[in-house]
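Step one of this worksheet: look at the structure below.
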Amino acid sequence: MFSCFRAHYGFRIRFCNPHAGHEKGNVENKVGTSRRNLFVPVPTYHDIEEFNRSLLDQHKKKAEENHYKKGTKIAQLFEEDKKHFLPLPTKPFNVCRYETCRADGYGKVCVDGKHFYSTKPENHNKNVIVGIRAHYIDVLEPNGELLVRHMRQYGATRTDINDYSTSLEMLSKNIGAWSNSGFRKDAPQLIRDYIDSKPRSEQKSCIRLLNDLTKQYGYQAAVDAFEQAIRNNSVNRSDAAILAARIIGYGIDTPPEPGPSLEVYDQTFLNGMNKGEEAVRS
C-alpha cells in the first residue's frame, strides 16, 4: 500500500531505523509542537473527519503567527514553499484494502474479528468483496460497484451494523416478511402506518417504489420523498421521483430563484398595460 502511495504522488523516501526518533528530530519536533498546541487537554469528538477538518482550521490560524526563527509569517513562508511543489495527480490516492469475506446466514460480513456489517440477504453464505478504509467499510457488488457503505467500527465489543436499504429488493419479492422486517422497524412512523394499512398487493408496490427510488436517489432521499408523498396524499411513482430529485438537488423548502425581470416583454407585447390586465392578440 505504501509503495503504491509513493508511486501515485511521486515522492522520494528515506527510511530511518525503528524506535530512533533522534534520527528524524526535525519531524519529531513538529509532531511535539502540534501535540502541545492542539491536543492539550485531550480532545473529545463524535465525528473524526469533522475533527480533522477543525485541526486544519486551527493550523491556518497558527500560520498567521511569525516563525520562531525567521520572524516572518508562517503562511508567507508556506506560500514560498508551494512555488517548488510538484503538481498533484488529478485524482487522490484510494487508501483502501480490498478483501474477500464470507457472509454468514444473514448476509453479514465480519471485519476485524468482532464487527459485523450487512450486505444484502441474497449474499448469505457467499463470498463478498469488501473495501476496508480508515472510517468506512465498503461492500461491493460482483461487478465492483458500491452496494453499501458503513461507518467502520472499532473496539473489542461486538457490533452489528445494518443498512436496510439493501433488503428492499428481496422484501418486494417476499412481502409477507414486511411485518417482521428490519426496514419496517427502521422506517419513520408515517411510512410504517401507511404501508401497514394497505393490502398485500399495494404493500408490494410501495416497497418496489421505495427500492427503485433508493437505487436512483439513495436511501435517505427515497424515504424522505415517500414520506412527503404520503403527506401530500399523492403516493405515485412520478410525484415521488420528482420529490426525491428535488431533495438531492435544491431541497424541498428551497425557494425558487427570482430569475431575470420580464417587464421589458410586458412593455413590448402588452403596450405597457398594467399587470393583471389581459391583452387579446389576433
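The values are calculated or read from the model by the stated rules, or taken from the named source; none is laboratory data. Since we're looking at a predicted model, the values are computed, not measured. A quick note on method: Cβ atoms are made from the backbone with ideal geometry, for glycine too, and the neighbour counts reach across all protein chains shown. We work out accessible area using only protein heavy atoms, side chains counted, and drop any ligands, DNA or RNA first. Shrake-Rupley method; radii C 1.70, N 1.55, O 1.52, S 1.80 Å.
Numbers for the structure displayed
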quantity	calculated
Probe 1.4 Å, accessible area per residue of the stretch 5-140, Å²	77
Signed unit charges on C-beta, dipole axis of the chain, positive-most listed residue 222, 17, 124	17
Kirkwood hydrodynamic radius of the stretch 25-72, from inverse mean 1/r over distinct Cα pairs, in Å	12.2
Share of pairwise Cα separations in the stretch 1-103, more than 20 Å, in percent	65
Cα-based convex hull volume of the chain per residue, rounded to whole Å³	313
Cα-projected label distance for residue 200 with residue 49, points at 7 Å along beta-carbon direction, nm	4.2
Zone of residue 56's modelled label, taken as backbone nitrogen in the stretch 1-27 under 12 Å from a point 7 Å along Cα→Cβ	none
Normalised contact order of the chain, rounded percent, pairs of Cα under 8 Å and 6 or more residues apart	8
Theoretical gain in end-to-end length, residue 238 to residue 127 [0.36 nm per residue, Cα-Cα removed]	36.2 nm
Longest to shortest principal axis, alpha-carbon extents of the stretch 198-261, angstrom	51, 23, 15
Residue pairs, from the table 91/126; 173/215; 114/204; 108/198, whose Cα atoms sit over 25 Å apart	91/126; 114/204; 108/198
Charge dipole magnitude, Cβ of K and R +1, D and E -1 - the chain, Cα centre, debye nearest 20	1380
Net length gained if the chain between residue 189 and residue 65 were fully extended (0.36 nm per residue, minus Cα distance)	39.3 nm
19 Å Cα-Cα reach of residue 69 towards aspartates and glutamates, excluding residues that sit fewer than 8 places from it in its own chain	28, 79, 80, 81
Under Karplus coefficients 6.51, -1.76 and 1.60, residue-wise ³J(HN,Hα) of the stretch 13-22 in Hz, glycine/proline x	10, 9, 7, 9, 6, x, 6, 10, x, 5
Projected label distance in nm at residue 154 and residue 250, using a 7 Å step from Cα toward the beta-carbon	4.3
At 1.306 mPa s and 10 °C, Stokes diffusion of the stretch 121-245 via Kirkwood alpha-carbon radius, µm² per second	101
Reach of residue 62 by Cα under 16 Å, taken over lysines that are not fewer than 8 positions away in the same chain	30, 70, 73
18 Å tail of the calculated P(r), the stretch 174-233, as % of Cα pairs	26
Relative contact order computed over the stretch 132-218 (Cα-Cα under 8 Å; 6+ residues apart), in percent	22
Accessible area (Å², 1.4 Å probe, nearest 10) - residue 217	50
